[in-house]
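What follows is a short report on a single structure.
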Amino acid sequence: MSVVVRKSLGRQLAALRHAAGVRPSQVAASKIASTSKLHRLEHGEVSVRLETVWALCDLYKASPEVKSRLSAMSLNTDKNGWWEGFSDLIVNPHFGTYVELESIADGLCAWEEQFVHGLFQVPEYTAAIFDAHSQATGLQQDRNRQVAFRRERQKNVFNRANAMRMSIVLGAGALLQQVGGARALDAQRKHLLTVAERPGVDILVLPWTAPAHALMGSSLSLLHFDAEDIPDVAYVEALFGGRYEEAAATVSLQRKKYDHLLSLAVPIEEYLR
């Protein structure tokens with residue numbers, strides 16, 4: 001969980017600095033870290049050396065207990081996340097950060113217009129997507145590893161002791177496009193209905209009759225964390241790639257878009273009956 005630890009440690013070090021009234025320029029003047037490195041450190045973008053944590057805690061006059069706790073956290077900031085064994089399959093590095101956070105998030109709200117969300121795909125559906133890409137482009141992909149990555153991602157979410165709260169909205173087309181053929185689509189629909197019976201899991205469909213909305217042409221995933229030291233995040237995918245956001249104002253704006261979309265959707269059980 002290196003990403004999670006880095007973000008938690010970074011936020012706690014930033015809080016210490018603000019409480020101590022120390023400016024980034026003062027940290028740079030002390031030769032502990034440049035202002036750019038401090039920014040990356042406080043935003044959980046880089047691993048943190050133990051000596052750096054010691055020096056920052058001393059500069060901020062942290063208590064021995066706080067220094068000891070943050071030092072212990074620093075030893076875990078360079079450990080690999082579960083997904084890094086599949087890093088060659090992940091084109092956008094932000095997506096690696098996202099799936100690691102997804103595996104420990106307390107809540108997920110997501111919108112997928114054209115596809116079934118990755119957490120809910122059956123193997124035949126996933127394999128068909130990558131087969132189609134290979135056929136169209138001539139670029140061969142290891143579809144078995146792609147399916148294995150998707151399955152591992154699902155296990156990290158659904159096999160947890162503390163179940164994630166989920167609200168998923170799918171575009172109507174995602175339930176009609178015969179990805180993998182009619183039999184695969186039928187298996188996919190049945191799987192969605194089964195998962196929707198789980199406590200805390202809501203799967204909805206945006207019908208064709210719904211009006212225009214702010215998330216047309218894109219997909220969105222919002223992760224919520226009960227812990228105060230991990231910020232909620234948004235991952236938005238559109239035509240030209242995906243972006244990862246954790247600025248509170250940006251996440252709040254995306255949540256408003258999702259809430260409006262949610263008001264237009266109907267439960268999958270009702271839609272498919």
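The values are calculated or read from the model by the stated rules, or taken from the named source; none is laboratory data. Please read these numbers as outputs of a predicted model, since none were measured by experiment. The area values use the complete protein model at the heavy-atom level, side chains included, leaving out ligands, DNA and RNA. Shrake-Rupley method; radii C 1.70, N 1.55, O 1.52, S 1.80 Å.
Couple of notes before you dig in:
- Solvent exposure of the chain amounts to 51 Å² per residue of accessible area, where only protein heavy atoms count and the probe is 1.4 Å.
- Computed from backbone phi, the HN-Hα couplings of the range 16-22 come to 4, 5, 5, 5, 7, x, 9 Hz, rounded to whole numbers (Karplus: 6.51 cos²θ - 1.76 cosθ + 1.60, θ = phi - 60°; Gly and Pro given as x).
- Only beta bridges with both residues in the chain are counted; by DSSP, about 60 percent of them are antiparallel.
- MRE, 222 nm, helices only [DSSP H, n ≥ 4, -39500 (n - 2.57), over the chain, to nearest 500]: -15000 deg cm²/dmol
- Apportionment of accessible area to carbon and sulfur, the chain, percent (1.4 Å): 54
- Near ARG165, the amide H atoms lying under 5 Å from its own belong to GLY107, LEU108; only residues 5 or more places off or on other chains count, and H is placed 1.01 Å from N.
- With respect to the chain, whose longest principal axis is taken over its alpha-carbon atoms, helix 248-264 is tilted by about 20°.
- Annotation: lysines with alpha-carbon distance below 30 angstrom to LYS257 (same-chain offsets under eight excluded): LYS7, LYS155, LYS190.
- Shape class for the range 197-273, computed from the alpha carbon gyration tensor (a ≥ b ≥ c): oblate, with a/c not under 1.5 and a/b at or below b/c.
- Partner lysines for LYS61 [C-alpha distance under 18 Å; skip if fewer than 8 residues away on the same chain]: LYS31
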